[in-house]
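Undergrad: One structure, as structure tokens, below. Some questions next.
What follows is calculated from the coordinates using simple rules that are stated; it is not laboratory data. Note that the structure is predicted; figures quoted are calculated from it, not measured. Cβ: placed from backbone, ideal geometry, glycine included. Neighbour counts: every protein chain shown.
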């Protein structure tokens, strides 16, 4: 199965991998700015998010799905930008297939194999309780309250509500269909990853208002990935690219330029920030 995606622009490839609270629509502002700066931007939806159906029966790998998509598009090498869960997928690709990654930017990324702390465990328990009780509206609001920082206004909160509710609906429908067929629902894999195997230039971004788990994961990434540059955003929660999109876009554009991604692709000059 080819996962849902869109492609825009010309030049060196940049792949934007979404959080599990969102889908590829979380990158709308970054897509437009990066295509204007001379990049070819690819935005996939993982299984069960956005336009990609959920897979509730057969084991799969989000890393493999993304690489298969790039193969189909004829993209051998790309820069990867990953938010939260998508950051974990990006690290897995960069560690296992370093020849395919020109640069790696992690925004409040998840570290595969991380042992959850009290804050993340409490969130997971509460979300499970609400979903099992069928109160999806409350589960959505829990996600919005947990993952967006104080900079996020109501329009951004509404965007996250829509993306998270869609994910719940798609995934729960697939689980119900599998159960009716007498099958045990499956999830994508969460393999162990060695961030020390990453060879690409790396930017590790954390939010001061994020859960302690993700701040600890960012610190671990910065420690383990050779030469990684760490940045903490004092205003940010867990989804900084939605909370202050222009500021995060500038940060990413500068990182890609400084990492030589544009020069490597031999593409157009960087255009001014919008």
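Undergrad: Relative to the longest principal Cα axis of the chain, at what angle does helix 62-73 sit, 0 to 90 degrees, rounded to 10?
TA: Taking Cα atoms only, the helix is inclined about 50 degrees.
Undergrad: Can you check how the C-alpha radius of gyration of the chain compares to 2.2 N^0.38 Å, as a plain ratio? Write down the numbers at each step before the final one.
TA: On the way: Rg = 17.8 Å, N = 274, 2.2 N^0.38 = 18.6 Å.
For the chain, the normalised Cα radius of gyration comes out at 0.96.
Undergrad: Round to the nearest 10 and give me the degree value, 0 to 90, for the angle of helix 245-258's Cα axis relative to the longest principal axis of the chain.
TA: Relative to the chain, helix 245-258 is tipped by roughly 50 degrees.
Undergrad: Treat the count of other C-beta atoms within 10 Å as a stand-in for reagent exposure and order 124, 32 from fewest to most.
TA: Result, fewest neighbours first: 124, 32.
Undergrad: Same structure, new question: Out of all DSSP beta bridges in segment 1-131, what portion is antiparallel? Express it as a percent rounded to 5.
TA: 20
Undergrad: Please say if segment 112-210 is rounded, prolate or oblate, where rounded means a/c under 1.5 for a ≥ b ≥ c the square roots of the C-alpha gyration tensor eigenvalues, and otherwise the choice is prolate for a/b larger than b/c and oblate otherwise?
TA: Values: a/c = 1.92, a/b = 1.18, b/c = 1.63.
Oblate is the answer for segment 112-210, as a/c is 1.5 or above yet b/c matches or exceeds a/b.
Undergrad: Using Cβ contacts closer than 10 Å as the measure, can you line up 220, 24, 244 from fewest to most?
TA: Starting with the residue having the fewest Cβ neighbours, the order is 220, 244, 24.
Undergrad: Still on this model: In what sequence do 140, 89 fall when counting other Cβ within 10 Å, fewest first?
TA: Numbers: 140 22, 89 29.
Lowest count first: 140, 89.
Undergrad: Can you give the calculated 222 nm mean residue ellipticity of the chain, where each DSSP H run of n ≥ 4 adds -39,500 (n - 2.57) and the sum is split over every residue, rounded to the nearest 500 deg cm²/dmol?
TA: -14000 deg cm²/dmol
Undergrad: Express as a percent, rounded to the nearest 5, the fraction of DSSP beta bridges in the chain (both residues included) that run antiparallel.
TA: Of the beta bridges lying entirely in the chain, close to 15 percent run antiparallel.
Undergrad: If you don't mind, there's one more thing I want to ask. Which distance in nm do the two modelled labels at residue 215 and residue 7 give, with both placed 7 Å along the Cα-to-Cβ direction?
TA: Simple spin-label model gives 4.1 nm for this pair.
Undergrad: So, one more: How tilted is helix 212-224 with respect to the longest principal axis of the chain? Cα atoms for both, answer in degrees (0 to 90, nearest 10).
TA: In the chain, helix 212-224 runs at an angle near 40 degrees to the longest axis.
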